[in-house]
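S.K.: Before anything else, here's the structure in question.
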Amino acid sequence: MTEKSPRRRGPLKKCSAEFVQLVNNVPNDDLPREIDYLRRHDTALRRIMDTVEMPDRLAENLLLFIRQNGGTLSKRRRQNEFKSLSDKEVKDLEEIVRDAFDGYDETPRIEEA
């Protein structure tokens, strides 16, 4: 096995050190936000499943669709995937999702250099 020349090792060490620094900083910046999101998501999903009986995947989709549409289930989704839900159930589920994510900042934080 041949040893690498010192010229090649220098830049690689610098790149590796920068990568390690980047990886070490990510949890400090993003972890609290991720934990907050997951807590809210789990709360909403649990309340959805307590309100109506549906497969887990469908409940996940419902949560996603309501969030993507600003807190309401779109008319198209309502008439297709969720046509078995009553109007009252839809209103209740929308409220559950809005409550769970109330105060959550959707905008990712961007660090100033």
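The values are calculated or read from the model by the stated rules, or taken from the named source; none is laboratory data. Note that the structure is predicted; figures quoted are calculated from it, not measured. Counting neighbours? That spans all protein chains shown, and the Cβs are built from the backbone with ideal geometry, glycine included.
S.K.: Tell me whether the stretch 5-28 contains one or more residues that are touching a Leu at 6+ places or on another chain (Cβ under 8 Å) and either modelled with pLDDT of 65 or more or farther than 20 Å from residue 104 by Cβ (or both). Walk me through how you get there before you give the answer.
M.R.: From the stretch 5-28, those touching a Leu at 6+ places or on another chain (Cβ under 8 Å) are none; that's our starting set.
For the stretch 5-28, residues touching a Leu at 6+ places or on another chain (Cβ under 8 Å) and either modelled with pLDDT of 65 or more or farther than 20 Å from residue 104 by Cβ (or both): absent.
S.K.: Return the residue satisfying two criteria in turn: it lies in the stretch 63-101 and is aliphatic (A, V, I, L, M) and assigned to a helix (DSSP H, G or I), and of such residues it is surrounded by the fewest Cβ atoms within 10 Å (Cβ to Cβ).
M.R.: Taking the stretch 63-101 as the starting set, the residues that turn out to be aliphatic (A, V, I, L, M) are 63-64, 66, 73, 85, 90, 93, 96-97, 100.
Checking the rest, the ones that are also assigned to a helix (DSSP H, G or I) come to 63-64, 66, 90, 93, 96-97, 100.
Numbers: 63: 20, 64: 12, 66: 24, 90: 18, 93: 23, 96: 21, 97: 25, 100: 21.
It comes out as 64.
S.K.: Would you check if residue 57 is charged (D, E, K, R), modelled with pLDDT of 95 or more, in contact with an Asp or Glu (Cβ under 9 Å, 6 or more places away or on another chain) and in a helix (DSSP H, G or I)?
M.R.: Working: charged (D, E, K, R): yes; modelled with pLDDT of 95 or more: yes; in contact with an Asp or Glu (Cβ under 9 Å, 6 or more places away or on another chain): no; in a helix (DSSP H, G or I): yes.
No; evaluated as a whole, the condition is false for this residue.
S.K.: Within the bounds of the stretch 57-79, is there any residue that is farther than 14 Å from residue 100 by Cβ and acidic (Asp, Glu)?
M.R.: We begin by selecting, within the stretch 57-79, every residue farther than 14 Å from residue 100 by Cβ; these are 57-58, 61, 65, 68-70, 72-79.
Going one step further and asking which of them are acidic (Asp, Glu), we end up with none.
No, every residue in the stretch 57-79 fails to be farther than 14 Å from residue 100 by Cβ and acidic (Asp, Glu).
S.K.: Take residue 43 and tell me if it is among the polar types (S, T, N, Q), in a loop (DSSP other than H, G, I, E, B) and either surrounded by 14 or more Cβ atoms within 10 Å (Cβ to Cβ) or at pLDDT below 95 (or both). Break it down stepwise before answering.
M.R.: On the way: among the polar types (S, T, N, Q): yes; in a loop (DSSP other than H, G, I, E, B): no; either surrounded by 14 or more Cβ atoms within 10 Å (Cβ to Cβ) or at pLDDT below 95 (or both): yes.
Judged against the criteria, residue 43 is not a match.
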